[in-house]
1. Are there trypsin sites (Lys or Arg not before Pro) in segment A:87-124 that DSSP marks as loop and that have at most 15 other Cβ atoms within 10 Å, and which are they?
2. Quick one: label points 7 angstrom along Cα→Cβ at residue A:152, distances to the other copies in nm, smallest first?
3. Any aspartates and glutamates with Cα under 14 Å of the residue B:89 Cα? List them, leaving off those in the same chain fewer than 8 positions away.
4. Going through the cross-link list A:179/A:258; A:43/A:77; B:23/B:66; A:197/B:140; B:142/B:255, which pairs have a Cα-Cα distance over 20 Å in this structure?
5. Specify the residue with the greatest mean-square fluctuation among A:14, A:163, A:99, computed from a Gaussian network of chain A linking alpha-carbon atoms under 10 Å apart.
6. Run down the aspartates and glutamates and flag those whose C-alpha is under 17 Å from the C-alpha of residue A:207, throwing out any fewer than 8 positions away in its chain.
7. Could you compute the longest span of chain B free of GluC sites (Glu not before Pro) located in DSSP loops and having at most 10 other Cβ atoms within 10 Å, not counting the site residues?
8. So the label point sits 7 Å from Cα along the Cα-to-Cβ vector; using that for residue A:2, what distances do you get to the other copies, in nanometres, sorted shortest first?
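Coordinate-derived values only; no laboratory data. All values derive from a computational prediction rather than experimental measurement. All Cβ positions, even for glycine, are placed from backbone atoms using ideal geometry, and neighbour counts span all protein chains on display.
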Number of protein chains: 2
Amino acid sequence: MTFLEIINKVDSFVLDSSFYDLKSHDGIARLGYINPDIAQFFKFESSFIINENSIQIKPEFDTIEKRNELFNQLGLKWKELPEFDELLKKGWRNELYVVYNPSTEPYVLIERALSVLLGVITYGVHINGYVPPETTSNNKLKMWIPKRSMTKPTYPGMLDNTVAGGLGYPHGLHETVIKECFEEAGLKEDFVLNNSKSCGVVSYFYKTEDNRFQPEVEYIYDIKFDDETNIIQPQDGEAEDFQLLEIDEILQLLKQHKFKPNCGLVIIDFLIRHGYITPENEPNYLEIVSRCHRVIPFPTR
Amino acid sequence: MTFLEIINKVDSFVLDSSFYDLKSHDGIARLGYINPDIAQFFKFESSFIINENSIQIKPEFDTIEKRNELFNQLGLKWKELPEFDELLKKGWRNELYVVYNPSTEPYVLIERALSVLLGVITYGVHINGYVPPETTSNNKLKMWIPKRSMTKPTYPGMLDNTVAGGLGYPHGLHETVIKECFEEAGLKEDFVLNNSKSCGVVSYFYKTEDNRFQPEVEYIYDIKFDDETNIIQPQDGEAEDFQLLEIDEILQLLKQHKFKPNCGLVIIDFLIRHGYITPENEPNYLEIVSRCHRVIPFPTR
């Protein structure tokens with residue numbers, strides 16, 4: 001598998017006219033693209049105006065409180081439908097994601113499991129833990145790579161980024177980085193503050209197997225470890241184990257498709273920024289870089 | 001001036017229906033977008049098929065040699081027209097740029113000055129020379145910033161990236177980095193090989209003042225200097241002087257619009273990758289990052 005094939009798996013959505021725009025209550029902003037199967041369920045909802053190719057929140061939902069309650073009720077109702085058993089009932093997280101329009105102020109808070117049905121942007125942080133070549137035993141760059149627990153509902157047993165997590169309300173980015181680094185890897189706040197660096201953001205248009213649009217924005221951080229000492233002690237059960245893999249192994253594992261696809265994309269971005277994947281050794285370099293940084297067609301945070 | 005305003009100056013083109021597709025001789029590939037004023041001049045050219053919204057190279061131009069000769073003749077003829085006095089006659093570089101379709105093999109070679117009239121992609125390298133905070137006198141990141149010569153036809157006196165240059169035929173990227181580092185900054189090949197790193201690529205859609213489309217792809221390299229010693233000795237007259245500026249000054253100068261705009265974009269990309277511009281201190285972070293990495297709608301190298 002080439003690196004471009006990994007990107008193609010993650011940035012896989014192409015808009016077609018069967019999708020519906022999810023519109024704000026004032027009709028001005030487009031908040032997401034809803035797939036036609038999901039759109040059918042809105043026909044039974046009196047709080048939305050359904051047109052040929054848009055689903056608009058009714059104008060009366062003119063405060064965030066009213067909109068939160070609207071989507072809360074929608075989620076609670078839909079999760080009892082047999083059609084949503086898998087995605088909503090089993091996937092329910094009791095975690096709120098924020099939709100923006102377009103300001104730093106939230107427009108509506110939506111249960112994480114419901115937000116992915118609505119084709120709105122979800123945000124997260126992905127963190128690359130690495131030991132630079134100067135301080136490894138063999139002068140090769142190494143990364144701390146976890147294997148996802150076999151009991152995870154999605155991508156069990158696949159390789160992951162050192163730490164990653166969704167940006168749930170009301171947590172900020174910085175706070176989420178600190179929180180996830182502790183929960184998933186047992187890294188102390190001081191260590192994270194002193195060794196992590198914001199390095200960019202990736203954005204891509206994912207098409208799910210059931211043809212839904214899932215645009216994701218993942219803020220990228222690198223954490224530099226001083227040496228190969230293992231200071232990682234997972235606090236939750238997200239990862240089965242962490243291995244310190246060197247660059248050649250990582251490149252192999254990427255090509256063998258052992259990484260959860262969007263984590264593969266994050267590693268590819270890391271290897272591009274650190275000069276391991278270059279325009280001279282990767283024929284699809286330009287396409288890869290630009291496809292990892294899609295311009296989002298909705299208001300964003 | 002905000003950072004987003006700098007990006008808006010560089011990634012400024014929005015396609016409208018008045019533009020013509022420049023099509024390959026087989027009619028399959030779109031190679032560029034030609035503005036309607038330039039398109040008028042093709043009406044006098046018998047080697048092109050003009051349709052309502054496309055200008056196609058005639059099918060008989062089925063080898064690169066024939067196409068090279070076609071565009072060579074076109075350039076020589078047009079540069080004598082008074083309308084192209086500024087852009088072609090004065091701008092003539094005797095340097096060939098490559099258009100691809102879509103493979104690593106060149107499709108046609110076009111004089112640099114003509115290629116920008118045709119709305120095809122041009123490629124270059126931009127190089128950030130920096131001293132990391134660990135090795136500066138005051139523990140602040142510093143960058144070597146040249147001031148463009150007052151005699152340059154474009155953006156005289158503005159600040160630039162440490163080294164930058166177009167990717168002319170038949171030079172490779174690596175070769176261009178070495179060549180430009182020597183010509184513009186007197187940096188020796190050994191030093192560049194040991195201290196430079198490929199770090200990504202930026203791509204953006206520039207609209208010129210006269211409404212032409214100029215999509216640019218700039219491969220990005222960072223060169224790390226060990227300390228603040230000045231080892232820069234310009235060999236050509238491109239730069240008036242080089243100054244070692246520290247991060248706070250650079251941020252100020254960016255906001256005061258002292259950088260040539262696309263060099264400002266490259267510095268913004270650098271400061272994002274190095275953790276100085278972050279999603280927490282820059283409200284338009286996501287838009288800035290994605291707008292610096294446009295997906296190109298043509299075949300690329």
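1. Details: sites: A:89, A:90, A:93, A:112; in loops: A:93.
The qualifying sites are A:93.
2. Going from nearest to farthest copy, the values are 4.7 nm.
3. Here the aspartates and glutamates satisfying the reach criterion relative to residue B:89 are B:80, B:111.
4. A:179/A:258
5. Result: A:14 has the largest fluctuation of those listed.
6. Result set, ordered by chain and number: A:5, A:11, A:16, A:21, A:37, A:216, A:218.
7. Working: sites that count: B:52, B:60, B:80, B:209.
That would be B:81-208.
8. Its label point is 3.9 nm from the equivalent points in the other copies.
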